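Encoded as structure tokens, the structure appears first; notes follow it.
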Amino acid sequence: MFTGIIQSVGLIQRLEPRGGDVRLSIDTGKLPLDGVVLGDSIAVNGVCLTAVALTERGFAADVSRETLTLTTLGALKPGSRVNLEKALTLSTPLGGHLVSGHVDGVGTLLERHEDARSWRLRIQAPDELARYIAHKGSICIDGASLTVNRVEGAVFELNIVPHTIQETIIGDYRPGSRVNLEVDLIARYLERLLLGEQAANPQASGLTLQFLAEHGFVK
């Protein structure tokens, strides 16, 4: 688990193809690695990866074909900047929100404009994630915990303060940039709970207005 508070921006050093997947070597920059041991989890652009090797400057992690296909990690190159966060502990301040490091989909930046010293971002999410994105709710973008300011269908808007622009890779975003999205895990579990016995039905596609009406949630 993570908090969505980025601790460092790292640099991809190498990508080594290994039997169809890839081993990433990452320079972790200012991220302190004291206490990190082999097998520990570190979030890279919001993707929970396992440290399989440690060096003085960073760590290496294996990335499966599944992850390469379903996240933006497949587009990384040597020199790419990445958001980094070590796994939280019971003594870690929860400054963001609970983040699992399991990416739900990839969004696309539609627009970026300045608003005083902040930036306003408009991001297109996959249609199937729209129901989990709520006004003033939490969402994780490339591992950063952010607040949704506005929602229009599957498009949502964020306000990015100067500190976040400087301390994350969000400062690199341009229209067309693809970003990893993780929705609030409470919303995902709430949907499954509300489905009740229907959750065991392979044909269940999620909550609908008809389902909610039939079970007394909507009049």
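Read the figures in this text as sums done on the coordinates, not as results from a lab. Quantities reported herein were computed from a predicted structural model and do not represent experimental measurements. No Cβ is skipped: glycine too gets one built from the backbone with ideal geometry, and neighbour counts run over all protein chains shown.
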Query - Inter-part distance where the stretch 85-132 and the stretch 8-72 are each reduced to a Cα centre, Å - result: 20
Report task. Take the Cα coordinates of the stretch 105-198, assign each an equal point scatterer, and use the Debye formula without solvent to give log10 I(q)/I(0) at q = 0.21, 0.23 Å⁻¹. Result -> -1.02, -1.20
Requested in this report: Only loop residues by DSSP count here, and only those with at most 13 other Cβ atoms within 10 Å; note down the GluC sites (Glu not before Pro) in the stretch 5-96 that meet that.
Outcome: Glu56
Query raised in the report: For the modelled label position 7 Å from the Cα of Leu38 along Cα-to-Cβ, which residues of the stretch 59-74 have backbone nitrogen atoms closer than 20 Å?
Result: 59-64
Query - Degrees, to the nearest 10: 185-195 long Cα axis against longest axis of the chain - result: 30
Query raised in the report: Any idea what log10 I(q)/I(0) is at q = 0.32 Å⁻¹ for the stretch 13-63, Debye with uniform C-alpha scatterers and no solvent?
Result: -1.45
Query raised in the report: If r is the Cβ-Cβ distance from Lys30 to Ala134 and R0 is 41 Å, what FRET efficiency results, to the nearest 0.05?
Result: 0.75
Query - Neighbourhood net charge (12 Å Cβ-Cβ; Lys/Arg +1, Asp/Glu -1) for Ala61 - result: -1
Report summary line: Across 10 Å bins beginning at 0, the whole-percent shares of Cα-Cα pair distances in the stretch 1-135 come to 11, 38, 35, 15, 1
Query raised in the report: Cross-link partners among aspartates and glutamates for Lys77, C-alpha distance below 19 Å, same-chain residues fewer than 8 apart left out?
Result: Glu16, Asp21, Asp27, Asp62, Glu66, Asp142, Asp172
